[in-house]
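Quick note: the coordinates plus some simple rules give every number you see, no bench work behind them. Predicted, not measured: the structure shown is a model, and the values here were computed from it.
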């Protein structure tokens, strides 16, 4: 299941890169594959709750998704999110992605995210804030 989800998301995102728009058939394919998670991910994109922090002058980058329970750090290259859903469903193999990861991937592909520029002097403090933020006891699904 997880590998099929990855294949579908990457296939759709690869074909969307040039147009920066989802077609109806791509929308339906994602909705069919991810169900509620797609709906929640799409809401993140529509509400621009996906943020790319760029620290200057180093150029370090941090993807943050503002979900229901807080701000979640995303590591797209690793397919990692620090939400509870990732720990309880993705790691266990029940799902390939949490909705934060889906939202980040779609936002990046569509160019529909907020870019936040910060000085390098804020990097450590922000990373600590995101890492130490309590995300609650419930699964953020």
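Data for the structure
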item: Cα-based equivalent ellipsoid, the stretch 2-132: semi-axes from gyration tensor eigenvalues, Å; result: 25, 18, 12
item: Centroid-to-centroid separation of the stretch 61-86 and the stretch 31-53 [C-alpha atoms, Å]; result: 12
